[in-house]
Amino acid sequence: MDKREFSHLKAYLWRWSLWLRLRDSLTGMVWGAAVGLGVGLALALAARLWPWLPTGEVMTLAGLLTGAGAALGTVTPWLRPRPLRRLAWLLDRRLGLAERLTTAWEIRRRRLRTTPTLARLQLADALRAARAVDIRSRLPLRAPRRGALLFLTLAVALAVSLYLPNPQDEVLRRRAAVAAAIEEQVAALEEARAEVAQAEGLTEAEREALLQALDEAIAVLDESPTTPEEAVAALSEAERSLAELQDPGAAAVQEGLSRAAEGMADSELTQGIAEALAAGEYQQAAAMLSSFAGTKGEALTREQELELARELAQAAEAVADSDPALAEQFARAAAAIESGDIAEARAAIQEAARQMGAAGQRIEGQQAVESALSQLQEGRGQIAAAGGGQEEGQLAGGAQGGQAGQGRQGGQTGPGGAGNQDGQAGQAGHSEDAGTGAPYSEIYAPERIGAEGTPLDIGREGEGGPTTGSGSLATNPGQPTVPYQEVYAAYAEQAGAALEGSYIPLGMKQYVRDYFSSLEPEP
């Protein structure tokens, strides 16, 4: 009988234990969520002081911490072991059973000695008290007030912290943009390095210098972390090194060969050469030209020989300014063909083909340098822009910084409107439309006030100084002007100096020259 009744009492204890665990689980969930939210708030505040985590990630991390705290608080009561004696003691205190459950357990385990009658009476009393307990009403299932209030307070504080703009987000955004730009530039420089390694027309010294400059730039960009200033400085240093390998005459040679190609395009004999030159296939063009000096193939008629002589003479004129040696061989070959000296013509054509191939190698080598320079400049601009610096065209510290300054200085006094920040000087100096032949207007050229260095005292009216509209300053009444033709030469000279001193991609300088040529006054 005692054993069966004690089993009933144990059943009550286990049922109440489940309820206690459920109640403790709810309490643990609230407090755990509050603790996780508090840690998230601390991280959010730290993220406003140091640029280490963007707001979006802080929000995600705070949510994960809150969820983790709630889950840990929920699971912990179910994982913690609770012996029967501990459970009896806990229920006695929470349900107000005056140690009935603990006493029954100790008597059953013979830890408390008493008479059988008293033991039976005590167990029966414990069962009556247990049956009278409504644990749901005595220990209701609800969240703790203080925990819920703390959770709500922390949630509001976190929401405000995440809602208000965080100045560190811009710093992180720039860092990410810089990192992405650096990664992109490393890949681009690796590609440029591979092109340089395979480029023809470079001497071994030039190739080694190019590869060394690119390798040094890549090594700096690969370092982590790399600041925008360090990356831009590395690219600028590489750019300065490559700028020393520039060949100012290569662009003129390329332009001369382009003009030669235009002249050769109207003949079937030289059309293939013209197409190869236009496509930049200089070695192929040289091989086609050399074939005229060979002994294989059909012999040319005298009419075809004279046509070839005319094409070679035109090519000589086209390259005369840019490559006099090649022009000489073209002219020599044309003269030999016209005079009927075939052996001399073949020798001249062979030499012209060799020099054309050398000119092509010169252009190709310069194109490799220009391509690397262009990539460095583009990378420098992108990294500086990503870091919140100046735009690509306004970067300071580039390889051509001093030269660009000269270009700007020349541009300020050149034709077409430097010297007038509003861009109106060019309109005033050159008023004719293209091809109209209308006369050029005169431009405003005021004398300098105080040109001899004499200090001028310009006071306010009534304070001892000259009054408005009178005095010795009015030495240039009206609008002094000088003819445009008289100032164009000085402007053109300064613009030309700036053009040669500034870095302009290969093949583009001629467009700038053509622009200034269009401004040249008619004689």
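Quick notes on this one:
- Using 0.36 nm per residue and subtracting the Cα-Cα separation, the extra length available between Leu152 and Glu99 on full extension is 15.2 nm.
- Spin-label model, Glu262/Arg86: points 7 Å from Cα along the beta carbon direction are separated by 9.7 nm.
- For Phe292, Phe151, Phe6, order by how many other beta-carbon atoms lie within 10 Å, fewest first: Phe6, Phe292, Phe151
- Converting phi to 3J(HN,Hα) with the Karplus coefficients 6.51, -1.76 and 1.60 and the offset θ = phi - 60°, region 131-140 yields 5, 7, 8, 9, 5, 5, 7, 6, 10, x Hz in sequence order, with x at every glycine or proline.
- Spatial separation of Cα centroids for region 1-62 and region 163-177, in angstrom: 34 Å
- Between His8 and Arg302, the contour length at 0.36 nm per residue exceeds the Cα-Cα span by 92.9 nm.
- Multiplying the residue separation of Glu190 and Ala132 by 0.36 nm and subtracting their alpha-carbon distance yields 12.5 nm.
- Förster radius 30 Å - calculated FRET efficiency between Ala347 and Ala205 (Cβ-Cβ, nearest 0.05): 0.40
- Residue exposure proxy: Arg380, Arg259, ordered by other Cβ atoms within 10 angstrom of their Cβ from fewest to most, comes out as Arg259, Arg380.
- Neighbour counting of Cβ atoms within 10 Å sorts the residues Leu164, Leu189, fewest neighbours leading, into Leu164, Leu189.
- Shown in residue order for region 208-219 are the 3J(HN,Hα) couplings computed by the Karplus curve 6.51 cos²θ - 1.76 cosθ + 1.60 at θ = phi - 60°: 5, 5, 4, 5, 5, 4, 5, 4, 5, 5, 5, 4 Hz (x for Gly and Pro).
A short reminder: the numbers here are calculations on the coordinates, not readings from a lab. Not measured: the values here are computed from a predicted model. So basically every Cβ, Gly included, is an ideal-geometry build from the backbone, and we count neighbours across all protein chains shown.
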